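Novice: Just passing along the structure, written as structure tokens.
Nothing in this text is a laboratory measurement; each read-out follows from the coordinates by a stated rule. Owing to the predicted nature of the structure, the values given are computational and were not obtained by experimental measurement. All Cβ positions, glycine included, derive from the backbone under ideal geometry; neighbour counts span all protein chains shown.
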Amino acid sequence: MTIGFKQFIALAGLALTDLFRQPATFLLVLTNIACTILVPLCISHQLGQQTHLAVDSALAFEFVFGLILAGYAACSTLHNECRSGTILIIFSKPVGRLMFFLAKFTAVALLLAFFVYCSSMATLLAERLAPRNFEFDMLGIKLILASPFVVFIPAGLLNFRTHRSFVPTSLFFYALTLTAMVLILSTLDREGQRVAFGSMVDWRILPACLLEGIALLLLAAIAISLASRLAAPATVTLLLFLLFAGLVSDHLAGLLASVPTAGFVLKMILPDLQSFWPADKLSDSGALSGAMIGHAAVYATAYGMGVLCLGYTAFREKQF
Amino acid sequence: MGTQNGLVIEARKLTKIFRDFWHRPKVTAVHGIDLEIRQGEIFGLLGPNGSGKSTTLKMILGLLHPSSGDLTVLGKPPHDVAVKARMGFMPEESYLYKYLTAVEILNFYANLYGLSGSLKKERVEGLITQVGLTAARNRPIGEFSKGMARRVGLAQCLLNDPDLILLDEPTSGLDPIACREVKDLLLGLAKRGKTILICSHHLADMQDICDRVAILLNGDICTQGTVQDLLINPDTLRLSLPAPPRETLSAILDYIEQETGRRPVVDHTGRTLESVFIETVTRHPSTP
Amino acid sequence: MMLIRTTAIAWLTVREAVRSKLLLSLTSLLVAGLVGLPLLISSDHTLAGKIQIILTYTTTFATTVLSLTTLWIGCGGVSAEIQDRRFYLVITKPLHRYELWLGKWMGIMVLNVALLALTGLIISTMAHYTIQSAQEPLKEKRHVSEQFLLAHQILRPLTPDWSKITVEATQRLVQSGRIPEKMTTEALQKKLIEELKIQRFTIPPKGGVLFSFQRPAAETLGHDLILNYRFDSTRPERTPVAASWVMGNTPAHQFHIGVTNYPGVPATLALGDDVSAATNILTVAYQRLDDDNQATLMLADQTQEPELLVPYGSFEMNLMRGLFVILCRLAFLAALGLTAGCLLSTPVAVFVAFFIIILMASSGYVEFVATSGVFYVPHEGPAPVQTWLDKMILSLFHFFHGITLPLTRLDPVPLIATGRVVSLEMTLQALGWLVGLYSTIAAVIGITLFNRRELG
């Protein structure tokens, strides 16, 4: 293993560990899970559209919470390190700025991957829990209500006995618990009878969440680039602005139709987040094709690399 | 000022235990110490890192609550606001507002002390001059060097002409000349009846100015007393005399060896590096 | 002395916002949003639509941005300074922690006052400029100006005395011998009331309906009265209906206005202020002119009766009152943020405060659950049975509903956007509830927590 690779692993690993220990990470991930799963229990008047609404809401929560998490994580790991001065010690070692920058991005990306995984599991559960014919899935609800006890009590006991940090332990346990709940509910119907594995869960949700995860990685690239200069409030605000502008980019381009150059530039600069919004595709019996995901991934990679280049340029010139 | 018995700070079995989330004791930072600091003295609190100096200081400042024991400052509980009107504190790091200039920050703290009008102006201007920041008075603190920020820190703790002054590493980050000035300042304050409590690792500085010191280790006071008493070794003497001829010196040494059973050690007296530095800098033609 | 110290802390907060470029960023964001949003959002290309977009989106945008920023500054105001240890040199000075808290709160409010003043100026200027520079005819500009750039008091039609009418109708039926057998008088009266109410709001072909409004004594100063109404049709196609409004109590003051309206579309009619010069009661009658037997019109229902908008005061004063109510909301949010910051680290404090904001924003759903009692009822039997979980959750919703009710009711944005008056009563309620009660509770909790907090 080369020294460079070891350095990269060390930097990214430390950043990821630090991010997992942040109370804000804990709150954002768990709130996303709670909102995703509880929405179907609250909406029961849609006359046949409950599952659609549950999935739409879940995907929207994933997008927004993921965006805020990306912005917060990027600033927490990069901007705050610059501000506190700990970066000086790192740069007194033989570590290049490019490696440092990419390691931070990798840590944020891995955190978002974990977030997307938890969100995917929660979305699968939300779709399963959505009432059909005004009947609720009591088995699922009981599992959901039991999950905080299943997660927090062991995490608390571990903290009590071994002083292991409560926050990352809880997150890890929640990921495991959600996975277990999905596996259990995919083999049981609403009456608790055994059925063929996977028949009670809408697996089309997974590629949809993956597509959104790719969008979040794109936003993470933007966030880490912004975090090289801006603090958390400004970064998150700009990300929210980009989200809004990205979602209405077609409308903006229409407004600028009389000025083709401006419209073209706008379309190039703003991320085309509409191509990452999978909810419409999932309506009725639609599904996301591999080609669509591949196309989105290529776009995100190209855009993300461009943004990271800009971000690194800003970071490279930064003086401490 | 202080209590009837002239004690400015009085601690009896003062203890501070930091606990974890489950309320189990995690660290006993201060372990039942007894401390008495009298009016007009300069008291030094020494100890290695993690010995409990800062924790003790923070309890005296009312930033931390003692887990047990009694603590009075100027005859009152430390969190009493009236106590703070007569106290000045200079922390180890300059936790100042970086977007304010030196004058603005002193004016702000003066307002918190309730100073106003001509008295405030007089004090602020006087302290700016005293700490040598006249040229940089209108620059933001964020542009100051560490030493300059420390001077602002020192100035703000003297704004209210306090009866009790608490200093955490006051000479840290200062050059030897500035160090000397700070020490002279503190000695001057003590002569005026102020009580000074210093936490520092600079033992030479503490030896220079402190009347009494206490050495903390693992939350306990293991040694306490006047500097004089602590430093004196009553079993030995040091003589200073003009250098005699070789034969005379040898005879003197032989006689002492005969009387005491041990041959004395002889070397030339010298100056301290501090005095050499100050002399060199002050005498240099480029020094104004 | 307390005032000097508190003012010093407040002034420090303002200076920090200025010198850290926060105020500049916020001002730029506000100006960009207030000016840019109405340009971006498509209207129905009518002048009234444009004005409504300006008033709705700008006030909503400003309220949202300032709410979020106030929360952020509030949360960071204490927690960030504790984290940076800048508080050490402040907390060791002779000031009480409540003075510190209060000073921070005052500083945030000074910033909010300045930004709200700027917001009001921009909104007012944009609204007036848009009308003045519009290409529409003068008459329409005047109409839009009357509708949106004045504060109007809402008048609902006088409710008929149903009891009296029912008794009279019952007597007539009794006299004519047309009462069904075995029907009691109470049952008959109940059925009659239902029928009469339905009749009031349904208009058969060539039929009509009458409404009376009690006008206030204040003069309208030459401004129009505005009648807002809407009706629906039993015909599924939205074909327009010709009708006539007859305004005025006496023939001498009556005039007719012919209208053609589409079902389901809100309509507005401007009336001269001399229609009821003789008395304070204004009578308006709606008369259908078509004989389409396929369509029975329903002039909305009891909850959506026609409303008469009477000029009350100037737009600028109304806007000021509305912004004052928003300021009271911001005062509460500042107190909330500071309280959260007293106990928690900055990101956690922000999160908790935002959670409370979202709860406030979900007050509509909370109200629905609290009033209907429908949250989640398992269907495991012939009739829904509430379990202990349902009762617990419903109690929680009732509690949240009680807390968020003043916040829901005291929202001036829809009133400003539709030219309705933000009453003095509302401003005083906002001051009492949001500042006097909620902010005080938050302050007490925050200061108590702050007093007990160790800063080691």
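Novice: From Cα pairs below 8 angstrom and at least 6 apart in sequence, can you work out the relative contact order of chain C, rounded to a whole percent?
Specialist: 22 percent
Novice: Follow-up question, since we're still on this one. Here is the link list: B:13/B:194; C:50/C:197; B:76/B:194; B:146/C:21; B:53/B:121; B:13/B:98. Which ones come out longer than 29 Å on Cα distance?
Specialist: Checking Cα-Cα distances, C:50/C:197; B:53/B:121; B:13/B:98 exceed 29 Å.
Novice: Averaged across C:16-24, how many Cβ atoms of other chains sit within 10 Å of each residue's Cβ atom?
Specialist: If you average over the peptide's residues, the count of other-chain Cβ atoms is 2.
Novice: Please identify every one of the trypsin sites (Lys or Arg not before Pro) in region C:143-248 that sits in a loop by DSSP and has no more than 14 other beta carbons within 10 Å of its own beta carbon.
Specialist: Qualifying residues, ordered by number: C:178, C:182, C:206, C:238.
Novice: Using only Cα atoms, tell me the angle between helix A:23-42 and the longest principal axis of chain A; keep it within 0 to 90° and round to the nearest 10.
Specialist: Helix A:23-42 and the main axis of chain A meet at about 30 degrees.
Novice: A further question follows. In whole angstrom, note down how far apart the Cα centers of region B:221-241 and region A:161-229 are.
Specialist: 70 Å
Novice: If I fit a long axis through the Cα atoms of helix A:205-227 and take the longest principal axis of the Cα atoms of chain A, what angle between them do I get, 0 to 90°, rounded to 10?
Specialist: For helix A:205-227, the angle is close to 20 degrees.
Novice: List the residues whose amide H sits under 5 Å from the amide H of residue C:312, counting only those 5 or more places along or on another chain, with H placed 1.01 Å from N in the peptide plane.
Specialist: Long-range HN contacts for residue C:312: C:151, C:152, C:153.
Novice: If exposed chymotrypsin sites (Phe, Trp or Tyr not before Pro) are those in a DSSP loop with at most 12 other Cβ within 10 Å, what is the longest stretch of chain B that has none?
Specialist: It runs B:23-288.
Novice: May I pose another question? Kirkwood hydrodynamic radius, the protein assembly as shown, all distinct C-alpha pairs: what's the number in Å?
Specialist: 35.5 Å
Novice: Okay, next question. List the aspartates and glutamates whose alpha-carbon lies under 17 Å from that of residue C:139, not counting same-chain residues fewer than 8 positions away?
Specialist: C:224, C:273
Novice: On to the next question. Which Cα, out of C:239, C:435, C:108, lies furthest along the positive dipole direction of the protein assembly as shown (beta carbon charges, K/R +1, D/E -1)?
Specialist: C:108
Novice: Just to be sure I follow the rule: in chain A, considering lysines 8 or more places apart or on different chains, how many pairs have Cα atoms under 21 Å apart?
Specialist: Pairs that pass both the separation and distance tests number 5.
Novice: Rounded to the nearest 500, what is the 222 nm mean residue ellipticity of chain C from helices alone, with -39500 (n - 2.57) per DSSP H run of 4+ residues and division by all residues?
Specialist: When only DSSP H runs of four or more count, the value is -19000 deg cm²/dmol.
Novice: How shielded is B:17-23 by partner chains, expressed as the average number of their Cβ atoms within 10 Å of its Cβ atoms?
Specialist: So the per-residue partner count for this stretch is 2.
Novice: Follow-up. Give the angle, between 0 and 90 degrees and rounded to the nearest 10, that separates the Cα long axis of helix C:2-19 from the longest principal axis of the Cα atoms of chain C.
Specialist: 80 degrees
Novice: Considering only the protein assembly as shown, what is the antiparallel percent among its DSSP beta bridges, to the nearest 5?
Specialist: 75 percent
Novice: Arranged by the count of other C-beta atoms within 10 angstrom, fewest first, what order do C:454, C:16 take?
Specialist: The fewest-first ordering by Cβ neighbours comes to C:454, C:16.
Novice: Just need the relative contact order of chain A here, percent rounded to a whole number, with Cα pairs under 8 Å and 6+ apart.
Specialist: Computed over chain A, the figure is 24 percent.
Novice: Another question, then. Given that compact globular proteins tend to follow 2.2 N^0.38 Å, what is the ratio of the alpha-carbon Rg of chain A to that value?
Specialist: 1.08
Novice: Given a cut-off of under 8 Å on Cα pairs at least six residues apart, what relative contact order in percent is computed for region B:95-161?
Specialist: 49 percent
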